[in-house]
Structures are given as C-alpha cells and as structure tokens.
1. Charges at C-beta only: +1 for Lys and Arg, -1 for Asp and Glu. How large is the resulting dipole of the chain about its Cα centre, in Debye rounded to 20?
2. Does a label point 7 Å from the Cα of Asp274, set along Cα-to-beta-carbon, have any residues of region 69-95 with amide nitrogen under 18 Å, and which are they?
3. Report the gain in length on full extension from Ala126 to Glu162: 0.36 nm times residue separation, minus Cα-Cα distance, nm rounded to one decimal.
4. Order by neighbour count: Asp236, Asp182, Asp350, Asp252, fewest other Cβ atoms within 10 Å first, most last.
5. What is the order of Lys48, Lys188, fewest Cβ neighbours within 10 Å to most?
6. With r as the distance between the Cβ atoms of Gln333 and Glu195 and R0 = 45 Å, compute the FRET efficiency 1/(1 + (r/R0)^6) and round to 0.05.
7. Amide H of Ser294: which non-local residues (sequence gap of 5 or more, or other chain) have their own amide H closer than 5 Å, using H built in the peptide plane?
8. What percentage of all Cα-Cα pairs in region 185-283 are separated by more than 24 Å?
Amino acid sequence: MQKEILIVGAGFSGAVIARELAVAGHNVRVIDSRDHIAGNCYSHRDEKTGVMVHTYGPHIFHTDNKEVWDYINSHCNMMPYTNRVKATVNNQVFSLPINLHTINQFFGKTCSPAEAKDLISSKGDASILEPKTFEDQALKFVGKELYEAFFKGYTIKQWGMEPKELPASILKRLPVRFNYDDNYFNHKYQGMPEEGYTPIVASILNHKGITVELNTHYDHESKKNYDHVFYCGPLDGYFEYRYGRLGYRTLDFEAFSVEGDYQGCAVMNYCSLDVPYTRITEHKYFAPWEQHGSSLCYKEYSRACGEDDLPYYPIRQMGEMSLLQKYLDEADQEKNITFVGRLGTYRYLDMDVTIAEALEVARHYTQAIAKDGDMPAFVINPR
C-alpha cells in the first residue's frame, strides 16, 4: 500500500498533507519553486533590528476549530495574542472593527449600546432591500458617513475597483459591534507562534518519510513517476495559462526601520484615497513578549498582479469565475492529481482553514487507496 507521492508547494497545505501521508507510511517528496519553505506565511528575523518579520505581510492565527488549534500547538509554542487594529481617518485614530468606541468617537456621542444601535439604524439606507454590491451592503447597514470614512477608499485601494463593482458577499458579515470589544477576530482560539511561522512548517515537514527540495519547479513529465500528485501551485499555471490568467491582487511592501516605536500598534489602516498605501504594519508588535529598541515597519500597497508578481488575493469576479470554470473542467479530466490550497483552488483561505482542508484531503486520500477508489481533482469544491 506504500505510495510514491509528489507535493508541489511547501506552504501549510503541502506540509500538512506531506506529514499526514508520511505518518501513514508513504514516501513523500515536496518541491517548492521558492528558496524557502512556509509559502506566504514565511517569517524571518531582521538582522538589523532583531524583530521577527512576517515577510509577506502579517499573519495572525485565529480559529474556532479545536483540532486545528491542537495541531498547530503540537508544532510550536503559541503565545497569547489579540489583534487590535487601528485606522487613521479624518486626522483621527479609531479602533477597528467599528465598535461602540468608534461610533461614539466618530459621531461625537456618548451612546449606550441600545442608543448606538438606533443611531446606526437611522443612518442606514432603508430603501436598499436586497444589497447586490459591496456599496449597497455598507450603505444599508451603516450609512453613508461610516461607509465613506472606513470602507470606500480602503476598498478601492485594496481591490482596485469601485465598491459598487464588488459583490455584497465580501461585506456580508459587516464588522460592527455595539460594545467596546476591539478584538479584531471573534474566534475562540487566537495566538501568535513564539518563534514565527517558518519553524512550524519546518517541524511539520520533519519526518523521515519526507524529502524537501527548494528552488525546484514542477515538471509535467515527472508526474508519471508518482502514484499521486498534490498540487498547491496556481491552477491556471498548471495548464500553462491556456485560457488566460485568473485575476489576483498582489502586494508591495516598503520596509523602513526607526529607533523606538513608530505607531504604537501592530496595524494602522489608512482608509483615505489621499494615502497611497492601505496600511502600515509594525512587526515588533506581533511579538509583544519580545523587547526591541528599534522597530521595523512595512507600508503595504495593493495592485493588480502581473505575470511576474506573487499572487495574494483571488479576485473571483464574474470574468474570473467564467474563466475559472474552464480550468476546473480541465482539472476534472486529470488523473492522479489533486489541486489544493489557496492557489490550487483559487480561493482566499485563512491559515486555519488551510490546515483543516489539508487534513481532510490527506484523510480522503488514505480512505481512497484503502478502498481502491479514485481520488478527485478537488476534495473541497472550489466553485
């Protein structure tokens, strides 16, 4: 029953699948085109400041899934961490997500929770019965003032399009609280790995049944040498972009260091279009248990992803969805390969969901070979 497995991608998806299948007794080869493991979760310690840097932008671990929480804690020491985001708007600093403090500060009120609910309700556009766009959703539930202050400009910068062109689903769970809770996430389990994310992935990959090769690109010819391939790379890239490229946003980071503190928090959003970047992250605040005299920060810019850029966020608009369907149809015709992860399924995935899905994919494969059954191109439906 021992199988030869190839996994393309050494991020969380590939690493978790590799570990599970190696534990099950299979021989697993993991390749990655980059010169490091951990994908976009890769972290490193800055030589100049000593600060642990989230190289591809901040990653905060949060989940309600106990299995995933226990899994990641088995590979690191997870420290308590609460993500408290601030936003600069109209020359003032507010807390996000919008909460009772934000509402009272923005409108110059001292509302109770009930009064704040009534105030926001009075601001909402009751004429919008079925919100179809991001803009409709925001106007219906928070009104024009909060929408234009906190959502409109930031969304244009982040997605490169007007909010009226984006679906309401992006803002379905409108982040508004009528208490003073400024914890950005609602999940039961939240934390930050004490030594960053790279050692977690290294620990997951540390098994005698796993070999890892970096700076190595996938070659279609090599597929015949394996019983099964798990592909974490770009779905359209696998098919050599024969129908065109799926739409992504990419990020550019402008790093700078200062003595002392720069902004006093980990994340400061800049919601106005007058500021070209979306936010500034101060990385030492992602590890509050450490002490550093100097600080390293990232200004973060979002733009359309070009051919040579690193894809971050799938756009998944109507044009992309019709194009995606062509690739999904092609993938369904493939044999002995399963597409997984953010790039392989063209979906935005938080880390906890990535791990949960990788565990599910590994289980599905184990069950399939035990029953001499077929492994589908997609265990989790990306449509």
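Read-outs throughout are calculated quantities, based only on the coordinates presented, and are distinct from any laboratory measurement. Everything numeric here is computed off the predicted structure, so don't read it as measured data. Backbone-built Cβ (ideal geometry, glycine too); neighbour counts: all protein chains shown.
1. Rounded to the nearest 20 debye, it is 640 debye.
2. 87-94
3. Between Ala126 and Glu162, full extension yields an extra 10.8 nm.
4. The most exposed by this proxy come first: Asp252, Asp350, Asp182, Asp236.
5. Lys48, Lys188
6. Using R0 = 45 Å, I get an efficiency of 0.55.
7. Close amide H contacts, sequence-distant or interchain: Gly260.
8. 57 percent
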